[in-house]
1. Rounded to whole Hz and in sequence order, give me ³J(HN,Hα) for the range B:182-197 from the Karplus expression 6.51 cos²θ - 1.76 cosθ + 1.60, θ = phi - 60°, writing x for Gly and Pro.
2. Going toward the positive end of the dipole of the range A:226-292, with +1 on Lys and Arg Cβ and -1 on Asp and Glu Cβ, which of A:S241, A:A261, A:I279 do you reach last?
3. Find the centroid of the Cα atoms in the range A:70-95 and in the range B:19-45, then give the distance between the two in whole Å.
4. Give me the lysines in straight-line cross-link reach of B:K195: C-alpha distance below 22 Å, same-chain residues under 8 apart excluded.
5. Farthest toward the dipole's positive end in the range A:2-141, which of A:V38, A:V110, A:T64, given Cβ charges of +1 (Lys, Arg) and -1 (Asp, Glu) about the Cα centre?
6. Can you give me the Cα centroid spacing of the range A:234-272 and the range A:163-201 in angstrom?
7. Taking B:K192 as the anchor, which aspartates and glutamates have their alpha carbon closer than 12 Å to its alpha carbon, excluding any fewer than eight residues away along the same chain?
8. Would you calculate the volume per residue, in Å³, of the smallest convex hull containing every Cα atom of the range B:2-331?
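Laboratory data are not the source of any read-out in this text; all were calculated from the coordinates shown. Predicted model only: the values in this text are computed from it and were never measured. Cβ coordinates were reconstructed from backbone atoms using ideal geometry, including for glycine residues, and neighbour counts include every protein chain displayed.
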Amino acid sequence: MEYQEYQLRETAAKLLEEEKANVVIGYGLSKTGKVVPVFITRPEDAQKLVWNSECHQNLVVFLTRPEVKRLGKPAIVVKPCDARAIVVLANESQIMRHEVYVIGMVCEGVNEDQGRPSSRCAICYGHYPQNVDQVIGEAEDAPKDLSKEERRKTGKYQRIEEIKALPPDERLAYWKREFSRCVRCYACRQSCPLCYCNRCVADKNRPARIPTSASLQGNFAWNILRAFHLAGRCVSCGACSAACPAGIDLNLINLTLANAAEEQFDHLSGTKVGALPLIGTFSESDKEDFIR
Amino acid sequence: MSRIISLDDLRQIAADFIRAGGLAVAPVPFDNDRVFFQYIDEEGAGKIVLSGWLKAANTIKDFFFPRHEKLFSYERIHNDVVLADAPEFGKPQLLFGCRPCEAASLPILDKVFGWDYQDRFYQSRRRMTTVVTVACHKSDDDCFCSSVGGSPENTEGSDAILYNLADGTFEVRPVTERGEQLFEGKTSESTKTGKACPPPPVRFDASKCKTWMDGHFDSPFWNEHALRCVGCGACTYLCPTCHCFDIVDEGSYAKGNRVKNWDFCQSALFTLHASGHNPRPDQGARQRQRLMHKFSIYPDKFGKILCTGCGNCTRHCPTVLGVKPFLEAIEEQED
């Protein structure tokens, strides 16, 4: 990991020196030693970049933020899960892929705060970054990737199965309890690289499409709607769950839909460059009859 | 001599309060390792936890200035519109176990909700609520009460303050008559006295930061330091003093409610004009607004800082931003 960090700093400094990038979006340290996003614009500042097991944030969210775009051509540090969000952004024409230099880190797994393993790592699709411009780290250092069947046996999937197995009223009670804590701060949306809408449907007020109130009704409407908008798109990076101040594991809903996309349509979001959006396209081999 | 009370007896006070027809709010653990302030029932009083945690995952303002509150209902009957005011908050409320930095937000909010317009929704809740604070036993890297005039045993906004004696008992120090009444006859005498943790180090000079902010409205500093802000409302919604709200109608043409919902200044939509113009066009301007409101605008108007140093804005920020990192950076500015 230390050697990866060294290589990352060298790479970033070189990109900036050669003006292949104007800004390197990466991880650095706050004054209190916490890992935070940093935006490096001078080669000499590349030393501020860090790479360690606390680098859990998904920095891809910054590629579409206007304040960051203003800094010029970006290079970005990504983990393998984050890299899939870049593929989706490019597939959905939100970024020009050749205008972003993607530095993929071979990842052994990350922690969220207090050393808890990140919920995203429990469902890891792969430790070696795909579809990036440069890989930092050695493939042999990466833990072995889980097969689809093995992934289904992890705690996260087991939790989904447990919830799915509950009788409907108990399942509803579970989500009521979860959503009752939602204050509608939209940290989930704002941390999500794929929630890039300029005007979110939750912000539409002429007329309001869904209640803005943090009431149970409003919270169900918001969280379910967001999950559906991410169906077949979510790359399961877990940024929403990590950002939620109330500790609602939103990824459980998104992952349920991602599972459906994988099971029903063999669609794993962000793994295929040029893939058409799952919702919004159809094929004659689709299972439902109404499409034919 | 001091007055002490056991945790069980404290829980009993909450249970008795509920039995007498009041509402009680207290920190209760949730299934993940977080503690939330929530309304409890008599049985729930047994689950109150007053130690082992530093800050809850929500704020006490939810019980004075709820995230969602009905103002009135409307209904069209024939050609008439019938309005019905929401009933006034009418029950005594006991708020148990908050931190001094949370209770200290109440005198600050009092000014906002009782300045020119008297907000009966806030004021009735405030009038009906007894606040019992627990002095801090530790601080973390995000705490900065000592930089904004607070301390781990600040009694502003509290009716009584408790000190954890770490043996299953608490020292009780009533602050107001109401606090005295709550504990009357419930405590026993002791020679033990409680002690709060030392205050966190002073992180910045608030008045120096105010002077810098006032003179650097158009500085590129704001956008440079706001780059990692993702524009969510975690900082404001977890802040005990942030008090912005939006008023919306919910329902149909025929029938519905006018409601008051929290709103947050870090959203681009917050200041978006109907014309499409946005006077705060970028995240730097939005962060500047939040910090200047807290450290310049409100102090100019009310003579107090609109911040109690609780650190929730940093603690709950997806990218660890918030007041403290920003003001530390301001203090490092040379001109």
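1. Per-residue couplings from phi come out as 4, 9, 4, x, 9, 10, 10, 7, 8, 9, 7, 10, x, 9, 8, 5 Hz.
2. A:S241
3. Each part's Cα centre sits 44 Å from the other's.
4. B:K55, B:K138, B:K186
5. Projecting each Cα onto the dipole axis, the largest value belongs to A:T64.
6. Taking the Cα centre of each part, the range A:234-272 and the range A:163-201 sit 12 Å apart.
7. B:D167, B:E171
8. 160
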